[in-house]
Amino acid sequence: MKEKLFKDILPRVSKPVRYMGNEMNIIRKDWDKAKVKMAFCFPDVYEVGMSHIGGKILYGLINETTDHLLERAFAPWPDMEELMRAENIHLYTLESYRPLKDFEVVGFTMQYELAITNILNMLDLAGIPLWAEERDERYPLIVAGGPVVFNPEPYADFIDVFLIGDGEELLPEFLDEVYATRGLKKEERLLRLAKIEGVYVPAFYQVEYNPDGTLKRMYPQKPGVPEKVRKRVVKDLDKAYFPEKPVLPYMSIVHDRAVLEVMRGCQRGCRFCHAGIVYRPSRERSIVTLKKQAENQIKNTGYEEISLTSLSSLDYSGIERLARELVAQYGKKGIGISLPSLRVDAFSVDLANEIQKVRKTTLTLAPEAGSQRMRNIINKNVTEEQLLDAVEAAFQSGWNAVKLYFMIGLPYETEEDLDGIIELMEKVRDVGRKYARRAVEVRGSLSCFVPKAHTPFQWQSQASIEELETKKRYMLREKKKGIKLSFHDSQTSYLEGVFSRGNRKLSRAIYLAYQKGCKFDGWSEYFRFDLWQEAFYEAGIDPDFYTRRRPSYDEVFPWDFIDIGVTKAFLRKENEKAARGELTLDCRHDKCSGCGICPRLEVKVDIKEGREIAPKS
Amino acid sequence: MRLRAEYRLGPDLRFLSNLEMMRLMERALRRSSLPYALTEGFNPHIKLSLGTVLPVGLWGMREYMDVEMAENIGEEYFKERMNEVLPEGVRINKARIIPEEAPSLMKIINSASYTFVLRSGYDWQEWQERIWQAERLPVKSRGKKKDAEKDLRAGIFKIETSLENELAFLNIWVATGDPVNVRYDELHDLLTITGIAARDIIDVYRSGNYIKEGDFFYTPLEKVI
Ligand code: SF4
């Protein structure tokens, strides 16, 4: 296999390094001695997949700390796929070059709703039937995890087992049970697996609908299968495994650097934000642990940069001390420290300035909305003054380009809110003209709001493609000099919206879209909205049902049975407060706002380095 | 101080680009305890330069790089420390301290040898004679003037063949850089034009880089000034 690959196949593809393996720090465990063999598949190309922290964590965790084995596979780019099909090469892992079919478990991580077509394509390339019911015990168990599967229902007919929540808590236990149930019939085995907390086996649930198409009820059909599936949570992140010897790619990947996950979760409570709810509560690592991880990663990789990542790293209680100490330790060696996302305030910009001596190119900030009214609705607790302070600090210290992230199509949005975006950008531009030494560039990146399951805005309607296009045209008309606007594709956002609040009926449409050739839907050059529309039509599905409705509070959602810890009552309260434009403060700094997760999951917001860093006003 | 090292890049890493190779060496240096030198300025980087670009798809038996150290160290020490941290497929063969004023590898290397591993069954004596007797050896250029006719004759210096386990190793010394630059894929084309079936070519690698002076081929470790 490897010989054929290296001699006949790889010389003919565009980026052979993607398919080559052999990286530094690769772990090749003894196949015959390993208990469960699992292939960990990322449904996108190598350079995207290898940038993903979750994958690095699970790879190290399973291979270094258990008797099981985990090998990697990625989606081949279409040129490679074509060759693989022509030459009858099954999708293989980069460690042993074995086909996926040889594994007992094949797992996919879903970071993005539209990854599903790539998952189907990868299964097909592996010679594995796509529908769960067509696979008996001769085939690997097909497993999926990641943020998307907090609403697993649209993919329920393809996947045998969903793993909900923090993988490092769940996966080892899951694989142990896979090992313990070896030899059982698939159904018996799944029954055993379904008893593990965080495991969801869709085949065991009966789904009934109301005449209007909404969910009537959903219940387990077998004894011992839980009615609700509760997510798994790492309670003490500081003690959790983190890879200190990550695989070091040869090719340049999207995030090509040492990574410190300073914390997991975010308590800011933006009402549109999925990650902010499903990864609650926020849990930090200690500086001592992080510095040890940095040291070992650098020693084992030779990376030239250390990135402090999380949903909102500037909220990490030890950020200032950690950043300074890392700079002191590594700066001399030519190793840089980076902050991938900045908070909208001067403190953040000053800190970034201090530690990132290089690349003062574009400062990226996310005020998300243009008017204070709208920022209150979405609970983005940022004022115009904070933003202008931040950009002033930036322009004064040598930055000359600012990129601002906004959303359009938000609930209760009016033309004034859109005007607000432009006005805010003008103000930023004016600050730039006053303080910057060169001509300034102010760019706005506008994404389309997508209501997500498990967020306060799950009861909101998504703007139609036409509405979004009208808003876009309006903004382009109103746009002023010295400001640039770019818009996310409204069709892609629409489709994300269908799946983020989707149900099981969507599987037919997914299958048809895949059959019609949809894949790499996240890549604009491959995205074919027309084919998706055909697929919905042929499957008898009205996609507007999922996006356009504003569900009532009585509606049973297909994802309600997934217990994320945060209560539906809290989400409802937040949605009601949004209508009134009321803020809910960050429970890290203010009082508990009663989202429910701490008492219900026996966890706590875990702050390791004191509370001295409050957001500045 | 400056060091010049000769390394082998094994077949498993044959698809690395030049940029990837640079990064591989930089990261190896950073993993090591070697006192590598950094450039001044905001964005310091390691003072490292590679010899002529190894084409993607080829592995290399003897490739070269120059690297600067901030402190004096021994040649053996450098080699050992590097080999501790390099990936499996890369090995430093030799290292040598070179004078500060030594010209860069890119400036002095003017020849390379490529080895084609072939299924034998050809009359290599006869084939060589044909090559040497030809006045012109035209192929389609794969380089700058793509598809224009290019005469390789003046760029072919030396050919040696050896037989081993039913395989023939055809080692061809060619000119690199100006005025003629013979690429390995053009050599490949020359082979197929002159009667060798592409399917009989089992492997190709670069076996060396040289400084050609008259009829002598010096390695970059032998001839530093
Ligand atoms: S239960 Fe309270 S303290 Fe815990 S995350 Fe929710 S709001 Fe914060």
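Please treat every number below as a calculation from the coordinates, not as lab data. Keep in mind that this is a model prediction, so the values were computed, not measured. Every residue, glycine among them, receives a Cβ derived from its backbone with ideal geometry; neighbour counts consider all protein chains shown.
With a ≥ b ≥ c taken as the square roots of the eigenvalues of the C-alpha gyration tensor of region B:1-108, please select rounded if a/c is under 1.5 and otherwise prolate if a/b is larger than b/c or oblate if it is not? It is rounded, given that a/c, with a ≥ b ≥ c, falls under 1.5.
Pairs exceeding 27 Å between alpha-carbon atoms, taken from A:Lys480/A:Lys573; B:Lys47/B:Lys79; A:Lys403/A:Lys519; A:Lys185/A:Lys235; A:Lys216/A:Lys472: A:Lys480/A:Lys573; A:Lys403/A:Lys519; A:Lys185/A:Lys235; A:Lys216/A:Lys472. Among A:Trp523, A:Trp459, the ranking by other beta carbons within 10 Å of each residue's beta carbon, starting with the fewest, stands as A:Trp523, A:Trp459.
Is the shape of chain B rounded, prolate or oblate, going by the alpha carbon gyration tensor and its root eigenvalues a ≥ b ≥ c, with a/c under 1.5 for rounded and a/b larger than b/c for prolate? Verdict is prolate for chain B.
Computed from backbone phi, the HN-Hα couplings of region B:152-159 come to 8, 3, 5, x, 9, 9, 7, 9 Hz, rounded to whole numbers (Karplus: 6.51 cos²θ - 1.76 cosθ + 1.60, θ = phi - 60°; Gly and Pro given as x).
For A:Ser51, the residues 5 or more places off, or on other chains, whose built amide H falls under 5 Å of its own are A:Val254, A:His255. Relative to the longest principal axis of chain B, what angle (0 to 90°, nearest 10) does the C-alpha long axis of helix B:18-31 take? Tilt relative to chain B: about 30 degrees. Partner lysines whose Cα lies under 19 Å from the Cα of A:Lys292, excluding those fewer than 8 positions away in the same chain, are identified as A:Lys56, A:Lys239, A:Lys245, A:Lys332, A:Lys333, A:Lys608. Scanning residues 5 or more positions from A:Ser338 or on other chains, those with amide H under 5 Å from its amide H are A:Ile306, A:Ser307, A:Leu308, with H placed 1.01 Å from N in the peptide plane. The separation of region A:27-58 from region B:210-225, counted between C-alpha centres, amounts to 47 Å. Averaged over peptide A:303-309, the number of partner chain Cβ atoms lying within 10 Å of each residue's Cβ comes to 2. Return, ordered by residue number, the residues of region B:109-147 whose backbone nitrogen is under 15 Å from a label point located 7 Å along Cα→Cβ of B:Lys158. In region B:109-147, the label zone of B:Lys158 (backbone N under 15 Å from the point 7 Å along Cα→Cβ) covers B:110-115. Of A:Ser552, A:Ser447, the sequence from fewest to most neighbouring Cβ atoms within 10 angstrom is A:Ser552, A:Ser447. Charged neighbours of B:Gly214, selected by a Cβ distance under 14 Å, balance to +1 (K, R count +1; D, E count -1). Using the Karplus relation 6.51 cos²θ - 1.76 cosθ + 1.60 with θ = phi - 60°, the per-residue 3J(HN,Hα) values for region A:539-551 come to 7, x, 10, 9, x, 4, 3, 8, 9, 8, 5, 10, x Hz, with x marking Gly and Pro.
Straight-line cross-link reach from A:Lys577 at under 18 Å between alpha-carbon atoms covers these lysines, not counting any fewer than eight positions away in the same chain: A:Lys380, A:Lys452, A:Lys568, A:Lys591.
Counting neighbouring Cβ atoms within 10 Å and putting the fewest first, the residues A:His255, A:His274, B:His45 line up as B:His45, A:His255, A:His274. Near the amide H of B:Ser111, within less than 5 Å, lie the amide hydrogens of B:Thr176, B:Tyr210, B:Lys212, all on another chain or at least 5 residues away, with H placed in the peptide plane. Candidates A:Phe158, A:Tyr92, A:Gly49 compared by Cα position along the dipole of region A:2-230: farthest toward the positive end lies A:Tyr92, with charges placed on Cβ.
Answer rounded, prolate or oblate for region A:1-139, using the Cα gyration tensor with square roots of eigenvalues a ≥ b ≥ c: rounded when a/c is under 1.5, else prolate when a/b is larger than b/c, else oblate. Since a/c stays below 1.5, the shape of region A:1-139 is classed as rounded. The magnitude of the dipole of region B:2-107, with charges of +1 and -1 set on the Cβ of Lys/Arg and Asp/Glu and taken from the Cα centre, is near 240 debye. Within straight-line reach of A:Lys35, meaning a Cα separation under 14 Å, sit the following aspartates and glutamates at least 8 residues removed in sequence or on another chain: A:Glu64, A:Asp67, A:Glu71, A:Asp102, A:Glu104, A:Glu173, A:Asp176, A:Glu177.
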